[in-house]
Structure formats: C-alpha cells, structure tokens
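First the structure, which I've put down as structure tokens, then a few questions once you've had a look.
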Amino acid sequence: MKNFKGKWFSLMLLILFTQVGCGQLKPQNWTAEQLEDPAQLAEKIRQDRNVPILINVGPSALIPGSIDAGAAGHSSGVKKLSEVLKSVKKDADIVIYCGCCPFANCPNVRPAIDVLKSGGYTNYHLLNLPQNIYADWISKGFPTVKR
C-alpha cells in the first residue's frame, strides 16, 4: 500500500508540474515606463507630428501608418520583424503593438520585445492595450485603417 501511495504521489506531482510548465508564457519583459499611452499615440497620429515607427506584431495592422510584421509568436513573424528592423536606427522611437488578446495571454508581444532587446534597440515602447485592440483602441474612437 505504501508503494502505491508513493507512486500515486509521484504521478500527481508530475502531472502538476507538467500542467504548470506547459503552455505558459514567459514573464512580462517590459516595464511600466515602456508602455505607450493609446490616447497620446492617437493624438500624434491625428496631428501627424512626432509619430513613432509603428510596428504591428500581431494578426492585423489596424493603426494607420503601421508596418505589419506579422504575428511575432511565430518564427515567420520574428523573421519579418528582424527584417523590418534592419533599416531602423537603434535609437529610433519605436512602438510595437498586437492587441489580439490581454497582455497576460498574448503570444506575440514578448517575442517581439526580445527581438528589440537583443537587437540593441534603446527607444522602444509597447502600446498599452491590456485587454485587446478593440477595447483599448477602436472603441475609444482612435484612428484605424479604413478597410
């Protein structure tokens, strides 16, 4: 009976650690200071003044002037983002965004930030879309691409 309990306990621990470890996203790799305020960015776009380089790293570039690098959660998106960044100065004002889902679940922003960090970019920001692009941008009447 003891041997059965020990095996049962070991099996439960294995299942627990497998569930905890699989599918989890990396920890947040940006700071609060690196979050770009949507209202301020929208105003820059409306006035066409001091607009940063905007790069969409999610499924769809909906903000005017955005470069669509594709979903950075996929190797093809990381590759395209790296290609886009080759022509960008290391100290350029860059804002990336996804907006597919809440930051906590987003598979795209963390890999994109990793590319920026490893590439030596020093002035990048993440558009603060904590819920999604609809709730945090479109529903507030901020500029969107006409489709």
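Here, each number is a calculation from the coordinates, and none is a lab measurement. Please read these numbers as outputs of a predicted model, since none were measured by experiment. Glycine also receives a Cβ, built like all others from the backbone with ideal geometry; neighbour counts cover every protein chain displayed.
Can you pull out every residue in segment 110-128 that is outside any helix (DSSP H, G or I), more than 14 Å from residue 61 (Cα to Cα) and in contact with a strand residue (DSSP E or B) (Cβ under 8 Å, 6 or more places away or on another chain)? Write out each step before concluding.
Taking segment 110-128 and keeping what is outside any helix (DSSP H, G or I), we get 119-128.
Applying the additional criterion that residues be more than 14 Å from residue 61 (Cα to Cα) yields 119-126, 128.
Within segment 110-128, 121, 123, 124, 125, 126, 128 meet the criteria.
Quickly run through segment 133-147 and pick out the residues that are assigned to a helix (DSSP H, G or I), of a type in the set (A, V, I, L, M, F, W, C) and either in contact (Cβ under 8 Å) with a residue 12 or more places away in the chain or exposed (fewer than 13 other Cβ atoms within 10 Å of the Cβ) (or both).
Matches in segment 133-147: 133, 138.
Looking at segment 96-127, which of its residues are of a type in the set (A, V, I, L, M, F, W, C) and exposed (fewer than 15 other Cβ atoms within 10 Å of the Cβ)?
Residue satisfying the conditions is 104 alone.
Considering only segment 77-87, I want to know if a residue exists there that is surrounded by 17 or more Cβ atoms within 10 Å (Cβ to Cβ), more than 15 Å from residue 56 (Cα to Cα) and out of contact with any Phe, Trp or Tyr (no Cβ under 8 Å at 6 or more places or on another chain).
Checked against the condition, which is being surrounded by 17 or more Cβ atoms within 10 Å (Cβ to Cβ), more than 15 Å from residue 56 (Cα to Cα) and out of contact with any Phe, Trp or Tyr (no Cβ under 8 Å at 6 or more places or on another chain), segment 77-87 yields no hits at all.
Something else now. Tell me which residues, restricted to segment 27-60, are free of Cβ contacts under 8 Å to residues at least 40 places away in the same chain, closer than 30 Å to residue 75 by Cα and not in a loop (DSSP other than H, G, I, E, B).
32, 33
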